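As structure tokens, the structure follows; a few thoughts come after it.
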Amino acid sequence: MNIAFLFIAEPYQCYHGLAVAFELRRVPGVRVAIYYNDPESVYHLERIRRAYGEAPFDYIRMKRNLFARVVERIRIFGFAKGSIYRSNEPDLLAYDAIFTVEDTAFRLFEGRPATARPKKIYLPHGAGDGTVGFSSRLRMFDFVLVPGPKSTQRMLQLEHIRADTYREIGLVKFETANRLSHASEPLFATDRPTVLYNAHKTRGLESWSSFIEPMLADFAAQDAYNLIVAPHVKLFRRRSAKTKADWQSRSTGNVLIDVGSDRSVDMSYTRAADIYVGDISSQVYEFLAEPRPCVFLNPHNIDWVDNPDFAHWHLGDVISHPQDLMPAIAAAPARHHLYRERQEARAAASLGDRSPGAAARAAEAIIAFLRR
């Protein structure tokens, strides 16, 4: 049985799925191949492999035609994923199954009957509430590995999955984060309560453009808190090295700005912070593995209360204006009792089984599915 793992997007996705490959290749008769697109992925694949003490893989760079190469050089346009999938389809047809943490892989083998192509297996890279995680693209996959009952219920309700096409396994990223060695030195010289600002990049929902400058000014004017600014890595992924360096140079004694280091993708910051400030990133649930105060930012005045895409905004106070941020942060610890029980319930539903072995559960489910 031959299974190909595809990592077509940014390297942060490797942390969500690579550990499943380690478990699968221990199964007799199973061979696993790792395909990647972004050349920076190799560093992260190797970092994870070494943390698990696993034997090396021969990583395979995905083929890119001229169009994809040109788009890749013009970083602002991201990856030409559709073109890359088409370029690699002939090679991928040789496998029994394709494993991906990127739902754009629904495009693979379009027009081919299920009996004439590999099975497509999807593991979402996160456990968030946003509509992007519940797209009708899910219907194009043969099997879906779901983190917890929240996702299961919504996917079933939308009829994107069926009772025999999914398995709940928990969050693989948790055990990968546990394996990685984290720096023992403190993030800040002065021990203060630490706030994490974890901004997303989605247009029309993002808070960065409205909040970052007032936030930096507010934190510069006080000495009660430390601040970690660690936006989703995609926010700066296509920016120049100079732009990234300029932002990181604005770090101070009580403000750490990180636009893409290892610590921004391996849960170092969600574990180190005392208070979470964010908009729509699914990383809020990684933070809420241990219930703590949250403040959510709604600069676009979205009507969110009854919208399931913003269910996590019920887990802390929601503000719309930068001038309300510092008062909301100051009030968050005292107000946490209002949200703690709700946080525990929502985290349990989102993250599912948090016992060790999520990758092993995923591998077991995949083998059982493929052997039907």
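Send over a whole-number figure in Å² for the accessible area per residue of the stretch 325-372, probe 1.4 Å.
On the way: 2470 Å² over 48 residues.
With all protein chains present, the stretch 325-372 gives 51 Å² per residue.
Evaluated on the stretch 1-69, the Kirkwood hydrodynamic radius is 12.6 Å, with distances taken between all distinct Cα atoms. As a fraction of the 1.4 Å probe accessible area of the stretch 217-372, surface on carbon and sulfur atoms comes out at 51 percent. Computed from Cα positions, the angle between helix 340-351 and the longest principal axis of the chain comes to roughly 20 degrees. Per residue, the Cα convex hull of the stretch 289-372 amounts to 136 Å³.
Cα-based values for the stretch 195-249, radius of gyration first and Dmax second, are 12.0, 34 Å.
In deg cm²/dmol and to the nearest 500, what is the mean residue ellipticity at 222 nm of the chain if only DSSP H runs of at least 4 residues count, each as -39500 (n - 2.57), divided by the residue total?
It comes out at -10000 deg cm²/dmol, rounded to the nearest 500.
Taken about its Cα centre, the chain carries a charge dipole of about 1440 debye when Lys and Arg each add +1 at the Cβ and Asp and Glu each add -1 at the Cβ. Using a 10 angstrom cutoff on alpha carbons, build the Gaussian network for the chain and name the most mobile of 194, 202, 176. Between 194, 202, 176, it is 202 that shows the largest mean-square fluctuation. Relative to the dominant Cα principal axis of the chain, helix 208-220 is inclined by about 40°.
The portion of the accessible surface of the stretch 1-63 made up by carbon and sulfur, rounded to a whole percent, is 52 (1.4 Å probe; DNA, RNA and ligands excluded). Along the charge dipole of the chain, Cβ charges K/R +1 and D/E -1, which of 330, 355, 51 sits furthest on the positive end? Final value for the positive-end residue is 51. The P(r) of the stretch 144-288 has a tail past 25 Å containing 37 percent of all C-alpha pairs.
Distance check, please: which entries in 120/244; 120/150; 119/244; 119/173 exceed 29 angstrom between their Cα atoms? Spell out each step's value before the answer.
Values: 120/244 36 Å; 120/150 22 Å; 119/244 40 Å; 119/173 23 Å.
Result: 120/244; 119/244 exceed 29 Å.
Semi-axes of the equivalent ellipsoid of the chain are 35, 23, 20 Å, computed as sqrt(5λ) over the eigenvalues of the C-alpha gyration tensor in descending order. What the Cα atoms of the stretch 113-226 give is an Rg and a Dmax of 20.3, 64 Å. Suppose we look only past 23 Å in the calculated P(r) of the stretch 1-130. What percent of the Cα-Cα pairs does that tail hold? Here the tail beyond 23 Å accounts for 32 percent of pairs.
The values are calculated or read from the model by the stated rules, or taken from the named source; none is laboratory data. Everything quoted here is computed from the prediction, not taken from an experiment. FYI the Cβ positions are ideal-geometry reconstructions off the backbone, even for glycines, and counts take in every protein chain you see. The protein model used for the area step is the full one, side chains on, heavy atoms only, and it has no ligands, DNA or RNA in it. Shrake-Rupley method; radii C 1.70, N 1.55, O 1.52, S 1.80 Å.
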